[in-house]
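To start, the structure itself, in structure tokens.
The values are calculated or read from the model by the stated rules, or taken from the named source; none is laboratory data. This structure is a prediction, so every number in the text was calculated from the model and none was measured. Cβ: placed from backbone, ideal geometry, glycine included. Neighbour counts: every protein chain shown.
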Amino acid sequence: MGLLASLLAIVYLDRIERMSLTSELIFYRRRRTFMSTAVAATNRSRVLAIYKEILRLGKNWVAKDADRTLIERKDIVNEAKQTFRDNKEVKDPKQIAELILEAEKRIVQAEHYGIPILQTSTPPTSNTVSSHEGRETERSSGVRSTHFNPIAVVFARRYFAGSSISEDILSDIVKLCSTNAQFYTDFVSTVLCSNILEQYPVRKSYRRNLLKQLIDLLDRCGIEILDELYTACASCMLDSAEYSFRIFLTQNLDKVLVVLRESNQQLCYGTTGLSLWQASCDLANFLCCFTNMLNKSVLELGAGCGLTGIAIARNFSGCSVTLSDYDPKVLSQLDFNVGENMDKACSQIKVLNLDWTTFSMDQLDKIPDVVIAADVVYDCSILPALCGVLRMCLSAKQGCCAYVASTLRDPLTLKAFRDKLGLLL
């Protein structure tokens, strides 16, 4: 049973406690006692309620892959009926309680993770350095930055990363173009129209809008618009791609540090894990600038696109990084992003299929020294499982620490996370 199931047990027992003082007999299973008749009756009612809830879930189920909706609806209903038939003769109160908790867990699993039926156990997806053909050397960005001032450096790093650029920065760039012809040429050819954007195109809508702004500002200042700019802007008019890239450069712009593929929709295939979120950018920047991960074993929970963990592996030698998530499409994208960022200088990276609700330390090759997570505190229903994983990891090794970065959206959710940590740690 996962921690989430244990939480459901507590919630369930709280309901029974209002009806019978014997509820603790279910929870403390070491006590060889039996439930009262009242609790047994409550169990039967709960079983029927869960059964009806699963049938309703199956009737209204919408699959991540629309073509599989009818198939998965049928599978949900058939599994529920078969499970009900297989266990209709069970009378042992302890076994009934366990079946109830398992059913509760499965409902949460279906509603939150979009997994319709119980899947057979498969080995966790795991990709190490040996699974990918790493490049011999690091990638050059191709940026000619000899004439770049700090403002131009900031622009270039944000542009390749697909991040917002303020009007003040745009104005300063136009001034540089008007006063330094060589800068203008280098800036257009190696930043705005960089060859690397052909291999790893940033989101077209982002690039199109930014280039339009720059062209307009340059034109207002009487600066001749180079043909490359018009060509680049025209190439961004059609935007039907499912994925785009973010390119993170080193501080001096000469190397590509990390390349990430992400979905162009924040919510895609029923998951948010295919898009890059700001908290992961901030956490990656913080850890690379203010911590020392040399020779550390690092576990990332809910890795999504994998930015934070990959950045650590690229910045610190000798460390071992495990990127974990649960959704199959997210795991596939993680595997892709790991492959795109491997070279001979990169530390070891693995991709792991990890379900917080059934987590155990045995699933990890190494006990982590550091646990990291970004933008995973957004749904109160998953907090018990998340905090349970954190608790187990932090208590498994002396000195283990965790860094969790969150975008403040709902103060109540963040408070619930803090409260749950206070109860568990």
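Residue count for segment 170-209 satisfying the condition of being over 28 Å from the mean Cα position of the chain (by Cα), of a type in the set (A, V, I, L, M, F, W, C) and not in a helix (DSSP H, G or I): 1. Name the pairs whose Cβ atoms lie under 6 Å apart, with the first residue in segment 326-348 and under 20 Å from Leu299 (Cβ atoms) and in the same structural domain as Ile312 (by TED's automatic domain parsing), the second assigned to a helix (DSSP H, G or I) and hydrophobic (A, V, I, L, M, F, W, C), and 6 or more positions between them or separate chains? Between residues of segment 326-348 that are under 20 Å from Leu299 (Cβ atoms) and in the same structural domain as Ile312 (by TED's automatic domain parsing) and residues that are assigned to a helix (DSSP H, G or I) and hydrophobic (A, V, I, L, M, F, W, C), the close pairs are Asn341/Ile310; Cys346/Ala313; Ser347/Ala313; Gln348/Val129. Remark: pairs (first residue in segment 156-169, part of a loop (DSSP other than H, G, I, E, B); second residue of a type in the set (Gly, Ala, Ser); Cβ separation under 8 Å; 6+ apart in sequence or on different chains) = Gly162/Ser244.
Taking (1) hydrophobic (A, V, I, L, M, F, W, C); (2) under 15 Å from the mean Cα position of the chain (by Cα); (3) not in a strand (DSSP E or B) in turn, Val371 satisfies each apart from (3).
Within segment 237-247, is even one residue exposed (fewer than 13 other Cβ atoms within 10 Å of the Cβ) and over 17 Å from Val202 (Cα atoms)? No, segment 237-247 has no match at all. Of the residues Glu228, Glu224, the single one that is in a helix (DSSP H, G or I), more than 36 Å from the chain's Cα centre (by Cα) and over 20 Å from Val259 (Cβ atoms) is Glu228.
Being over 19 Å from the mean Cα position of the chain (by Cα) and either surrounded by fewer than 17 Cβ atoms within 10 Å (Cβ to Cβ) or on the phi > 0 side of the Ramachandran plot (or both) is the filter here, so list the residues in segment 395-404 that pass it. Give the derivation first.
Within segment 395-404, the subset over 19 Å from the mean Cα position of the chain (by Cα) is 395-401.
If the condition is that a residue be over 19 Å from the mean Cα position of the chain (by Cα) and either surrounded by fewer than 17 Cβ atoms within 10 Å (Cβ to Cβ) or on the phi > 0 side of the Ramachandran plot (or both), then Ser395, Ala396, Lys397, Gln398, Gly399, Cys401 are the ones that fit.
Take the residues in segment 334-368 that are out of contact with any Ser or Thr (no Cβ under 8 Å at 6 or more places or on another chain) and among the polar types (S, T, N, Q), then tell me which one is nearest to Ser381 (Cα to Cα). Among those residues, the one meeting the criterion is Thr357. Against the definition (crowded, with 17+ Cβ neighbours inside 10 Å and either at positive phi or under 20 Å from the mean Cα position of the chain (by Cα) (or both)), how does Thr407 come out, yes or no? So Thr407 fails the test. Pairs linking a residue in segment 393-410 that is acidic (Asp, Glu) to a residue that is part of a loop (DSSP other than H, G, I, E, B), with Cβ atoms under 9 Å and 6 or more positions apart or on different chains, are Asp410/Tyr378.
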